[in-house]
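The block underneath contains the structure these notes are about, expressed in structure tokens.
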Amino acid sequence: MTGIVGYGAYIPRNRIKVEEIAKVWGADAPSYKRGLMLEEKSVPSPDQDTISMSVEASKRALKRAGIDPREIGAVYVGSESHPYAVKPSGTVLAEAIDATPDVHTADLEFACKAGTEGMFVALSLVQAGAVKYGLAVGADTSQGAPGDALEYSAAAGAAAFIFGADGIVAESVATYSYTTDTPDFWRREYQYYPQHGGRFTGDPAYFKHIMGAARGLMARAKMKPGDFDYVVFHQPNGKFPLRVGEMLGFTKKQIEPGWLVPKLGNTYSGSSPLGLTATLDIAKPGQMILVVSYGSGAGSDAFIFKVTKRIDEVRDLAPKTRDLLDDHKNYLEYGVYAKYRRKIRKAE
Amino acid sequence: MRDVAAIGVGMTKWGELWDKSLRTIFAETALLAIDDAGVDRIDSMVVGCMSSGLFVGQEHLGSMLADYLGRVPVPAARVESACSSGGLALRQGFIEVASGMSDIVLVAGVEKMTDVTGCEATYALGTAADQEYEGFHGLTFPGLYAMMAVAHMHKYGTTREQLAMVAVKNHDNGSKNPLAQFPFKVTIDAVLNSVLVADPLRILDCSPITDGAAAVILCPADMAKKMKKRVIRIAGSGQATDTIALSSRKDITWIESTDLAARKALAMAGRKIEDLQLFEVHDCFTIAEIMVTEALGIAEKGRGGRAVEEGLTSLTGKFPVNPSGGLKAKGHPVGATGVAQAVEVIKQLRGEAGERQVKGAKRGLTQNMGGTGGSSVVHVFEAE
């Protein structure tokens, strides 16, 4: 049996409301809130980046796993906002949690599914017996161009998962990936902000791949939507995960525990992984969870986890995701937000 | 002039056709029309397309589309008159057959609009306005029609709800059209609470961005009779221009080019507006349909809003307007719209319009418009 032995989440305290962004651009806040089902999003502080958030989330995962970090044989950081174009994030993380030097490390990038890619690889290495434990993190400090629809959702956060073959809190039942070449969202080297295909990011991109992955995995596992207690989809906005859930035959009740986006925004590589941490926070032993990520370009990774008894022993060992989302919030005005996100050009 | 008949129509489902290119959409539609007409050749083709250069980076459409239809070396022309490019293509095809220059003419309209971003599409559409006097100052079509709407509301007391009723009516009709981009109903509340685009126009007052094509086969009426085809005659064709810039108009609540084009088409047909049973008109925005019904004489000047409120223009009203769902619900691939209007009227006059059939329709009219009315093309069709 292999699966998750520890998990951790990190969400910055800063928030900005949809109204505050809309006010600056003369946009109609109620229609954005209704259209995207978004209220506010998290914002990283100036000294926070993908690496620092990965370290925070990983330390929490280690607390829940209760393992010696030197037994971690693989460390993967999935993000589209790695602080360096050349120089790994994973080495800093591995060093910070004391997992070096007997460790394989890689940075992954696949738009919003880089986090689940790392999970896929770390889990596979554990299943192959190549490593005792594997750590995978999905983290992003996402950027949306000022005034673009993405600015209302591009948020920051990280989720970390340690995979292993003993002390499991959620057993991996099955995995499946669904990938095509679909250019719905991209950022070329030296470009600061990503570009997207507008409505093309919907049906032929998000919906096609999530449905392809979810249906493919359920067929392999011979399961149907009613067999799951919870389902977590990638959450680029509030509406898409609810709609794709409905199209696949899931209920809002199954989706809601991991549906963080209205108050969190889209944390890109951290999005569905954070939804999974919030779901594990409340899941009971024996319950079944389906997770389906989505990354533009495009592909979806899908996982089925079965929660074990050990969940009750570990969930209180680190902060819970909903508490990170709801407590100690610090609301920013657009000016401070613009400074924090380095949207203001200063003298050289 | 020879009498001209429409003997074949073709149209496929409209929408965001991301898996099809301009040439594919055109060829599928043209082949449907050729099949429907049962002809084994075409002598010429005319294609209406507003802006393939800006939308897909392709000009020289006549030759390209003749090639992809497998019809080279047939003579082929692409005509452009902004959003009335399709109507103009029909008129050119009509003239070609009527004059005796060609016998069997394929008339098509096509536009592929979703390969570019919303901003790029807005820019491309904006080239139908006067760039020096309107476009360069930041005006787009929603802005221009919003000014027309405000003026109409101020001058005649047209209400915000009446504008919404145009969208509700056309979506009701469109819900019965399986080829429509948005074949569903909307409520007045949904229109009034939809996203504001340019005050007072909201998103559900605006026709959408659409990929699509439509095609019609024309031939001399005598030839059609010999082929034992159901003859739908083009009884009248009229076209008129107006100043391209809204600021140069005498009255921005009145679409003069439609009035003049309709008068010419009706005079050629020897008919009055009361003689017709259905109307496909250019509702690019809800206010446009209200103003067009006035210019056609369906409603009195200033009473277009009341006409829709009183049900005069509904499917079962005295003057059914846009039984197809109009540009609002059916979609608005700009160059294809004028030809699709003809496809709808021909289907209606053949009694093949299904759930949205206007009972006993013998004569119908199409009105296709460029810009804010800088050009209008009107055709009158009669079932023999």
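General remarks:
- In this structure, the pairs whose alpha-carbon distance is over 25 Å, taken from A:63/A:309; B:250/B:362; B:264/B:301; B:301/B:328, are B:250/B:362.
- Size descriptors for the range A:62-200: radius of gyration and Dmax over Cα atoms are 16.5, 48 Å.
- Globularity index of the range A:1-135 is 1.26 (Cα radius of gyration / 2.2 N^0.38 Å, N = number of residues).
- The convex hull of the Cα atoms of the range A:170-307, projected and averaged over all directions, covers 8.2 nm².
- Reachable aspartates and glutamates, given that their alpha-carbon falls under 17 Å from the alpha-carbon of residue A:306 and they are not under 8 places away in the same chain: A:166, A:171, A:227, A:229, A:281
- Net charge over other residues, Cβ less than 13 angstrom from the Cβ of residue B:64 (K, R count +1; D, E count -1): +2
- Reciprocal of mean inverse Cα separation for chain B (Kirkwood radius, Å): 20.1 Å
- Each residue in B:132, A:71 was given a count of other beta-carbon atoms within 10 angstrom of its own, and listing them fewest first yields B:132, A:71.
- Highest average first, the peptides A:102-108, B:334-340 ordered by how many other beta carbon atoms sit within 10 Å of their residues are B:334-340, A:102-108.
- If you run the Gaussian network model on chain A, springs between alpha carbon atoms under 10 Å, then out of A:154, A:318, A:136 the most flexible one is A:318.
- Ordered from longest to shortest, the equivalent ellipsoid semi-axes for the range B:33-157 are 34, 18, 12 Å, each the square root of 5 times a Cα gyration tensor eigenvalue.
- Note on the range A:230-309: Cα-Cα pairs beyond 16 Å make up 44% of the total pair count.
- Neighbouring Cβ atoms from other chains, within 10 Å of the Cβ of residues in B:305-316, number 0 on average.
- Chain A: calculated mean residue ellipticity at 222 nm from DSSP helix runs of at least 4, using -39500 (n - 2.57): -9500 deg cm²/dmol
- Separation between Cα centres of the range A:295-348 and the range B:223-248, rounded to whole Å: 61 Å
- Positive-end ranking of A:12, A:81, A:99 along the dipole of the range A:1-119, with charges on Cβ about the Cα centre, is headed by A:12.
- Positive-pole candidate from B:34, B:358, A:45, dipole of the protein assembly as shown, charges at beta carbon: B:358
- Ranked packing of A:238-244, B:324-330, most packed first, by mean Cβ within 10 Å: B:324-330, A:238-244
- Cα-based Lys pair tally, the range A:198-274, threshold under 17 Å, eight or more apart or on separate chains: 7
- For residue B:248, net neighbour charge (Lys/Arg +1, Asp/Glu -1) across residues whose Cβ lies under 14 Å away: -4
- Surface/4 of the Cα convex hull for the range B:245-384, nm²: 7.9 nm²
- Convex hull per residue volume in Å³, alpha carbons only, for the range A:72-120: 69 Å³
- Net +/- balance of residues flanking residue A:126 in space, Cβ distance below 14 Å, scoring K and R +1, D and E -1: -2
- Calculated FRET value between residue B:272 and residue A:323, using beta carbons and R₀ = 56 Å, to 0.05: 0.15
- Dipole in debye (nearest 20) - the protein assembly as shown, about Cα centre, beta carbon charges: Lys, Arg +1; Asp, Glu -1: 1340 debye
- Taking label positions 7 Å along the Cα-Cβ direction at both residue B:117 and residue A:25, the computed distance is 1.1 nm, reported to one decimal.
- Inter-chain shielding of A:153-163 (mean C-beta neighbours from other protein chains, 10 Å cut-off): 0
- Averaged over the residues of A:197-204, the number of partner chain Cβ atoms lying within 10 Å of the residue Cβ comes to 4.
- Normalised by 2.2 N^0.38 Å, where N is the number of residues, the alpha-carbon radius of gyration of chain A equals 0.92.
- The antiparallel fraction among DSSP beta bridges confined to the protein assembly as shown stands at about 70%.
- Taking every C-alpha pair closer than 8 Å and separated by at least 6 residues, the mean separation divided by the residue count of chain A gives a relative contact order of 25 percent.
- Radius ratio Rg over Rh of the protein assembly as shown, counting only Cα atoms, Kirkwood formula for Rh: 1.07
- Peptides ranked, highest mean first, by Cβ atoms within 10 Å: ranges A:118-125, A:326-333, B:35-42, A:269-276: A:269-276, A:118-125, B:35-42, A:326-333
- Estimated FRET transfer efficiency when R0 is 56 angstrom, pair residue A:338-residue B:300 (beta carbons, to 0.05): 0.55
- Straight-line cross-link partners of residue B:112 among the lysines, defined as a Cα under 16 Å from its Cα and at least 8 positions apart when in the same chain: B:13, B:20, B:330.
Computed from the coordinates by the stated procedures, all read-outs in this text should not be read as laboratory data. Predicted, not measured: the structure shown is a model, and the values here were computed from it. Heads up, the Cβs are rebuilt from the backbone with ideal geometry, glycines too, and the neighbour counts pull from every protein chain shown.
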